[in-house]
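Here is the structure we will look at, set down as structure tokens.
Please treat every number below as a calculation from the coordinates, not as lab data. What you are looking at is a predicted structure, and each value in this text was computed from that prediction instead of being measured. With ideal geometry, Cβ positions are generated from the backbone for all residues, glycine too; neighbour counts draw on all protein chains shown.
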Amino acid sequence: MSELVISGLRADVGGREILQGIDLSLRSGEVHAVMGPNGSGKSTLSHVLMGRPGYEVTAGSVTLDGEELLGRPTWQRAQAGLFLGMQYPIEVAGVSLGDTLAEAFRAGGRDPELVGAAVAREASRVGLDPRLLDRSLNVDLSGGERKRNETVQLAVLRPKFAVLDEIDSGLDVDALRAVSRRVEAGTTEFDLGVLAITHYTRLLRELRPDRVHVLSKGRIVKSGGPELADELEASGYAEWAVGDGSDPAAEPRGVGAEDPFADPLA
């Protein structure tokens, strides 16, 4: 049993405080959904957890099995067992998916010869065309193909915890079902703990949450069981609306913006 614990986490971007004291704990096999209005700090939370440059942590801690992650470079957080499924997966020209995962296996002391078969198996499970596997990472892939690609990486690497930053954005119904079911299966197959950031309950119909948290103005303002997601679907976020675009990592064109290739910091 592993545990990811976020305690009193506060973070600034460009001198402006975005996260204003986040407290959340997640155990192996659990799914926690983080929902909330635009600009509330959801994407900033994912970036801070994974150590993206440009975010200054001013207070708090993030531990994985008792080991502090803050202050460590991203690669060390990944080796500790943390994975980030990005909202906007980037292109990496000249580097294939297999090469990327083989290096990750080597760094973790695992046999890179196992990567090829694992990638083929996982691509089949999420419906990713095998002809795309030898391309440079995410180059000339659609938004949905990129998200399937992210899910393949997650399933092959088998981390302890996955932070999924709107993995459902840009997916059609079939792709959403394939991706969410594969992540859900990971919670039992390898005790994956999931922190799923999303606007919509459609993801949570397949990726069934144990807990749902509402994030607004940099704080978790309400937590509950799966029924909370249904309440939000019915009532929206008006009660907690931010209105000032306070999270610079949030999608630039509002809820439902279908631009998977946009730069969220542009």
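Once Lys and Arg get +1 and Asp and Glu get -1 on their Cβ, which of Leu70, Val57, Ala104 lies farthest toward the positive end of the dipole of region 50-172?
Ala104
Determine the relative contact order of the chain: mean sequence separation of Cα pairs under 8 Å and six or more apart, normalised by residue count, in whole percent.
Reported as a whole number, the value is 29 percent.
Relative to the Cα centre, what is the charge dipole magnitude of the chain, using +1 at the beta carbon of each Lys and Arg, -1 at the beta carbon of each Asp and Glu, and rounding to the nearest 20 debye? Could the numbers behind the result be given before it?
Values: 29 positive and 41 negative charges, 57 e Å.
Dipole of the chain, to the nearest 20 debye: 280 debye.
What shape does region 19-87 take by its C-alpha gyration tensor, where a ≥ b ≥ c are the square roots of the eigenvalues and a/c under 1.5 counts as rounded, a/b above b/c as prolate, and the rest as oblate?
In terms of gyration-tensor shape, rounded.
From the helices alone, meaning DSSP H stretches of at least four residues, give me the mean residue ellipticity at 222 nm for the chain, per-run term -39500 (n - 2.57), in deg cm²/dmol to the nearest 500.
Result for the chain: -9000 deg cm²/dmol, rounded to the nearest 500.
Which semi-axes, in whole Å and largest first, does the equivalent ellipsoid of region 33-160 have when worked out from the alpha carbon gyration tensor as the square roots of 5 times its eigenvalues?
Over the Cα atoms of region 33-160, the ellipsoid semi-axes are 27, 19, 13 Å.
How far apart, in nanometres, would the label points at Asp129 and Glu227 be if each is projected 7 angstrom from Cα along the Cα-to-Cβ direction?
4.6 nm
Just tell me which lysines come within less than 18 Å, Cα to Cα, of Lys222; anything on the same chain fewer than 8 places away is out.
Here the lysines satisfying the reach criterion relative to Lys222 are Lys42.
Which angle between 0 and 90 degrees, to the nearest 10, do you get for helix 143-157 versus the longest principal axis of the chain when only C-alpha atoms count?
Tilt of helix 143-157: around 70 degrees.
For the Cα atoms of the chain, what angle does the longest principal axis make with the long axis of helix 115-126, in degrees from 0 to 90, nearest 10?
Value to nearest ten degrees: 60.
Where does the charge balance sit around Thr100 when Lys and Arg score +1, Asp and Glu -1, over other residues with C-beta under 13 Å from its C-beta? Intermediate results must be reported in sequence, preceding the final value.
Numbers: positive: Arg106, Arg135; negative: Glu91, Asp99, Glu103, Asp134, Glu150.
Once all neighbours under 13 Å are counted, the net charge is -3.
With a Förster radius of 35 Å, plug the Cβ-Cβ distance of Arg27 and Val139 into 1/(1 + (r/R0)^6) and report the FRET value to the nearest 0.05. Walk me through the intermediate numbers first.
Numbers: r = 37 Å, r/R0 = 1.05.
Once the sixth-power term is evaluated, E becomes 0.40.
Where a Cα-Cα gap under 16 Å defines reach, which aspartates and glutamates qualify for Lys217, not counting those fewer than 8 residues away within the same chain?
Cα-Cα hits under 16 Å: Asp12, Glu17, Asp23, Glu239, Asp244, Asp247, Glu251.
Can you give the convex hull volume per residue for the Cα atoms of the chain, as a whole number of Å³?
119 Å³
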